[in-house]
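The values are calculated or read from the model by the stated rules, or taken from the named source; none is laboratory data. Predicted model, so just to flag it, every value in this text is computed and none were measured. Note: ideal-geometry Cβ built from the backbone for every residue, glycine included; neighbour counts use all protein chains shown. Accessible surface is based on the protein model in full, side chains and every heavy atom, while ligands, DNA and RNA are left aside. Shrake-Rupley method; radii C 1.70, N 1.55, O 1.52, S 1.80 Å.
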Amino acid sequence: MNITYNEQTRVFKLDTAHTSYCIGIVDDDNFVGHIYYGRKLTGDDLAYLMRTTENPFVPSQNNRDRTSFLDTFPMEYTGNDLGDYREGTLTVRTVGGHTAVALSYISHRIYDGKAPLKGLPATFGKDTECKTLELTCEDKVLQLQVILSYSIFEDSDAIARSVKIVNNAQDPIYLTKVLTACIDMDNEDYEMITLHGSWARERAIQTRTVMKGKQSVSSVRGESSHQEHPFMAWKKSTTTEECGDIYAMSFVYSGNFLAQIEANQFGSMRAMMGIHPHNFCWKLEAGESFQAPEVICVYSAEGIGGMTRCFHDLYRNHLIRGEYKDKKRPILINNWEATYFDFNTEKLLGIARQASELGIEMLVMDDGWFGHRNDDNTSLGDWQVNENKINGGLKYLVDEVNKLGMKFGIWFEPEMISPDSDLYRAHPDWAIAVPGRTGSLARNQYVLDLTRREVIDYVYDMVATILHSANIEYVKWDMNRQLSDVGSYGLPADRQGELYHRQVLAVYELQDRLTKEFPHLLLENCSGGGARFDAGMLYYSPQIWCSDDTDAVERLSIQAGTAMVYPLSAMGAHVSDCPNHAIGRVTPFETRGYVALAGTFGYELDVTKIPEEDRNMIPRQVAMYHKYNDLVRTGDYYRIAHYADNHYYDCYEVVAKDKSEALVTYIQVLNRPNYHSRRIHIPGLDPEQTYVIANAEDWPEIKQTEYKGDTLHYAGINIPPLWGDFKGRLMHLAAK
Ligand code: DGJ
């Protein structure tokens, strides 16, 4: 890891273990250009790549064609409205109504460590673990400073980028767009990978050719969303899972975002990511600064898998925090799909009693325990225990669960307010709304206006009071509607455009306070399933609920898309009852267990009501969780085959960091008549090491139990056909 500046060539070079990133300063105007990002280079003699000697010349030699220069120069971060017609990263409106911005380099600082981003989630590391380059640029006319930060890590190939805008003028300025990262490069036949979905269908992997013009994914829903995801990658069309060039950006943020690639007339392209400019307008008073959230950039020459493993390690080591960061999580049973709103103390204790006998370690009481909430129409905001349901009180219930040797967890949806709530009757102006308009309800609820200090404090106190009232060791923090009618009774007219971002900052503040006051709490984020599964939320909670779809087959796709960026240790995954509540499919209980083992693992069913043969399988699944979770949580993840591509089977693997063992999950989604076996290649092992199939009893059809690592990778192993659809097995490989 190193960051250098060559004063002769005016080139900055950031070196991680396997990559280099180069920035150059050119011409009298000190334009900041992007030179190179890719495999690690030994030299830094790269200024020639910025094409400043080709036509058009730099402005100091040919100012008559300044726009031609601005429209082609590979910008590291862009200005606005002066001749670069590609979409840019920063736009402003001055008090005089002007929008032009031009940025020039003025100074830089290289230091050990990485500064936190005030009020925002961000990757972190000790001074010995990371280094930062801060490039300060300025628009002299506006007296606006733009500080570009780049941090690199000793143990990672990722680069963390962020941007801070400082208003040094006498007047306020309105920031109408502040994206975080931009990479201008030649379009070498790239394909863009993004993640798409819907409720119960989150993060399906989509690949498309980068075409001339703009292609983007975004959210203007106030959260990262079910629909599109704050991640994009671009790779050569020849890049595979195991080799080839791939670049990626992942946003450490949980609100509106834009991730876009614009390919232009000259065969180059601009990739960029940041807060979506939709209805964004931030008033920056004289002397104030605005901090944009962080974007993580990754380049890998080791294919899509290399990129994935880089994100996993970075997020496990430098983003996720707290007591559970490196710990096995308690196996939980959640009553949502078991009872929905129809529960009381006895019913919950009945589930807990049976669950504890089977080895389940925590009961989570989901939605419906407060106010008079017996369906999803009421009571959000009234966070008082409904003692008609929780008869005996919350403390009694928690104590009884604890007596069974189990932990207790609880559900909240703190950001919301039901029209039918005492809170709304007392404070109708606490809901986000546009005066004079009928509010658009979703799930019969509004979003609380968290731009108001009194609302933030009220919400916090309500949650904290409940947590203090009993021995609650886990919180599921849900968010079941997206923002609309974006208006605040608390903000002045010229700050209404700040609402979307302030709302996200408030959620971060609330979760920060909560995790500081309750440091032993296990927090799991959730948003109508997985609509807020993003790197921002991972800074506060080590795990996030992936999806309301717990069907084992659907989950293969949801979890493959999620695991493209996020570690398995973060993926909330449960075994639920069949027919599945989202899709009606019936899959074997055993298979549901295998698929959930790829995540945090738990149950989402009434364990007193499921078929006895399923119930009898739980102790074995619990034992497998205890046996394999350290490996699953900490190992290297490899996608081997994805049924969304091949329609028949899915296969993935986790290899221990020291290569001493590996766990391969094989799911035969659909059986086929008349085939013998399927050749699977198992990567990531030590090529010279001999591995044995440690659970050979589960693979009676495979007679040979010892293989060299390179044999398993390059020659592969024949997996026998399994009888029926939706059948799965685990293969545990252990170094001999
Ligand atoms: C959506 C979540 O994803 C579910 O697990 C459940 O908690 C419901 N909300 C409760 O309303």
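Give just the number: which of (1) more than 28 Å from the chain's Cα centre (by Cα); (2) within 16 Å of the ligand (Cβ to nearest atom); (3) among the charged types (D, E, K, R) does Glu346 not satisfy?
(2)
Would you point out the residue of the stretch 437-485, among those that are within 16 Å of the ligand (Cβ to nearest atom) and basic (Lys, Arg), that is nearest to Met416 (Cα to Cα)?
Arg481
Since Val434 meets every condition but one in (1) within 12 Å of the ligand (Cβ to nearest atom); (2) farther than 20 Å from Leu522 by Cα, which condition does it not meet?
It is condition (1) that Val434 fails.
Can you tell me how many residues in the stretch 349-379 are part of a loop (DSSP other than H, G, I, E, B), within 27 Å of Ile417 (Cα to Cα) and either near the ligand (Cβ under 10 Å from one of its atoms) or open to solvent by 10 Å² or more (accessible area, probe 1.4 Å) (or both)?
Here the count works out to 11.
Restricting attention to the stretch 22-63, and to residues there that are closer than 21 Å to Gly79 by Cβ, touching a residue at least 40 places away in the same chain (Cβ under 8 Å) and touching an Asp or Glu at 6+ places or on another chain (Cβ under 8 Å), which single residue is surrounded by the fewest Cβ atoms within 10 Å (Cβ to Cβ)?
Filtering first and then ranking leaves His34.
Can you spot a residue in the stretch 406-423 that is within 30 Å of His626 (Cβ to Cβ), more than 16 Å from the ligand (Cβ to nearest atom) and open to solvent by 20 Å² or more (accessible area, probe 1.4 Å)?
yes
Name the residues in the stretch 475-499 that are aromatic (Phe, Trp, Tyr) and surrounded by fewer than 22 Cβ atoms within 10 Å (Cβ to Cβ), would you?
Across the stretch 475-499, the qualifying residue is only Tyr489.
Show me the strands (runs of 3 or more DSSP E) found entirely inside the stretch 641-736 where at least 1 residues are closer than 19 Å to Leu568 by Cα and of a type outside the set (Phe, Trp, Tyr).
Filter on the stretch 641-736 gives 649-655, 661-668, 727-735.
Considering each residue of the stretch 512-528, count those that are farther than 10 Å from Tyr460 by Cβ and more than 16 Å from the ligand (Cβ to nearest atom), and give that number.
Selection size over the stretch 512-528: 7.
Helices (runs of 4 or more DSSP H) wholly in the stretch 513-632 with at least 2 residues that are open to solvent by 10 Å² or more (accessible area, probe 1.4 Å) - which ones?
552-562, 589-596
Output the qualifying pairs, or none if there are none: Cβ atoms under 9 angstrom, residues six or more apart or on different chains, first residue in the stretch 329-348 and farther than 21 Å from Thr600 by Cβ and assigned to a loop (DSSP other than H, G, I, E, B), second residue at pLDDT 95 or above and among the aliphatic types (A, V, I, L, M).
Listed by first residue and then by second, the contacts come to Phe343/Ile351; Phe343/Met365; Phe343/Ile390; Asn344/Ile390.
Against the condition away from the ligand (no atom under 16 Å from the Cβ) and either outside any strand (DSSP E or B) or among the acidic types (Asp, Glu) (or both), how does His501 come out, does it pass?
yes
Is it the case that some residue within the stretch 391-403 is under 15 Å from Met479 (Cα atoms) and either open to solvent by 30 Å² or more (accessible area, probe 1.4 Å) or in contact (Cβ under 8 Å) with a residue 60 or more places away in the chain (or both)?
No - not one qualifying residue is present in the stretch 391-403.
Among the residues of the stretch 213-235, is any open to solvent by 10 Å² or more (accessible area, probe 1.4 Å) and within 26 Å of Ser20 (Cβ to Cβ)?
yes
Just one of the numbered conditions (1) touching a Leu at 6+ places or on another chain (Cβ under 8 Å); (2) within 12 Å of the ligand (Cβ to nearest atom) is not true of Ile333; which one?
(2)
Conditions first: (1) surrounded by fewer than 22 Cβ atoms within 10 Å (Cβ to Cβ); (2) in contact (Cβ under 8 Å) with a residue 40 or more places away in the chain. Ser198 passes all but one, so which condition is the exception?
Among (1) surrounded by fewer than 22 Cβ atoms within 10 Å (Cβ to Cβ); (2) in contact (Cβ under 8 Å) with a residue 40 or more places away in the chain, Ser198 violates only (2).
Output the number of the condition that Gly303 fails; it satisfies all remaining conditions of (1) away from the ligand (no atom under 16 Å from the Cβ); (2) touching a Gly at 6+ places or on another chain (Cβ under 7 Å); (3) farther than 28 Å from Tyr566 by Cβ.
Among (1) away from the ligand (no atom under 16 Å from the Cβ); (2) touching a Gly at 6+ places or on another chain (Cβ under 7 Å); (3) farther than 28 Å from Tyr566 by Cβ, the lone unmet condition for Gly303 is (3).
Identify the residue in the stretch 104-132 that is assigned to a loop (DSSP other than H, G, I, E, B) and aliphatic (A, V, I, L, M) and, among all such residues, is surrounded by the most Cβ atoms within 10 Å (Cβ to Cβ).
By that ranking, first place goes to Ala122.
Given the conditions (1) open to solvent by less than 10 Å² (accessible area, probe 1.4 Å); (2) under 17 Å from Lys214 (Cβ atoms), which single one is not true for Asn167?
All conditions are met except number (2).
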